[in-house]
Amino acid sequence: MSTFESSVKIVEYPQEKVYATLSDLSNLGKLEGRFPEDTFQDFEFSADSVSISVQPVGKVAMNIVDREEPKCIKYETIQSPVPFNLWVQLLPVTETTCKMKLTIKADLNPFVKVMISKPLNEGLEKLADTLAQVRYE
């Protein structure tokens with residue numbers, strides 16, 4: 001199992017607000033336009049699932065498989081060129097800020113891992129940067 005982690009991001013909103021937004025994927029519709037259009041396109045959302053085209057990976061669809069309020073949301077792919085799990089981890093820093101880290105775990109053979117490690121790390125970091133800058137109100 002290969003693990004990819006974003007750097008830890010400081011989010012200028014309380015852990016509970018960030019969790020409430022990210023644990024209901026229908027909330028991500030209001031974030032459309034904030035994601036880099038060269039990387040993320042064709043969003044479709046429901047409360048428990050999201051579908052998006054990710055460059056250069058292709059179509060990715062995920063469902064929420066576990067929620068640990070207010071600290072972790074676990075997603076699992078239902079459509080992806082490479083099946084993976086994504087965790088969003090949230091920890092309070094103060095009453096008005098929290099830390100966020102994204103983790104992807106995927107079962108990759110060594111050849112595929114070499115090919116997709118760099119774009120996967122870059123995409124994960126862009127996603128973490130974008131989520132850290134969102135207004136969670």
Explain nothing, just the number: relative contact order of segment 54-101, from Cα pairs under 8 Å at least 6 residues apart, as a whole percent. 27 percent
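Using Cα-Cα distances under 8 Å and only pairs 6 or more residues apart, what relative contact order does the chain have, in percent?
32 percent
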Over segment 38-137, give the accessible area per residue in Å² for a 1.4 Å probe, as an integer. 55 Å²
Once you charge only the Cβ atoms, +1 for Lys and Arg and -1 for Asp and Glu, what is the size of the charge dipole of the chain about its Cα centre, to the nearest 20 debye? 320 debye
Cα-based Lys pair tally, the chain, threshold under 13 Å, eight or more apart or on separate chains: 12
Which is the longest part of the chain that has none of the trypsin sites (Lys or Arg not before Pro) sitting in a DSSP loop with at most 16 other Cβ atoms within 10 Å? 72-134
How much of the accessible area of the chain, in percent, comes from carbon and sulfur atoms when a 1.4 Å probe is used? 51 percent
Across 10 Å bins beginning at 0, the whole-percent shares of Cα-Cα pair distances in the chain come to 12, 46, 35, 7, 0
Name the residue farthest towards the positive end of the dipole of segment 73-132 from the options Pro110, Ile78, Ala132, assuming +1 on Cβ of Lys and Arg, -1 on Cβ of Asp and Glu, about the Cα centre. Pro110
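Computed FRET efficiency, Cβ-Cβ of Phe111 and Ser46, R0 25 Å: what is it to the nearest 0.05?
0.10
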How high is the relative contact order of segment 75-137? Use alpha-carbon pairs under 8 Å, at least six apart in sequence, and give a whole percent. 24 percent
Table column - 3J(HN,Hα) (Hz), segment 116-127, Karplus curve with 6.51, -1.76, 1.60, x for Gly and Pro: 10, 4, 5, x, 5, 4, 5, x, 5, 5, 4, 5
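The values are calculated or read from the model by the stated rules, or taken from the named source; none is laboratory data. Bear in mind that the values here come from a model prediction, so they are computed numbers and not experimental data. All Cβ positions, glycine included, derive from the backbone under ideal geometry; neighbour counts span all protein chains shown. Remember, those area values only see protein heavy atoms, side chains included, never the ligands or the DNA or RNA. Shrake-Rupley method; radii C 1.70, N 1.55, O 1.52, S 1.80 Å.
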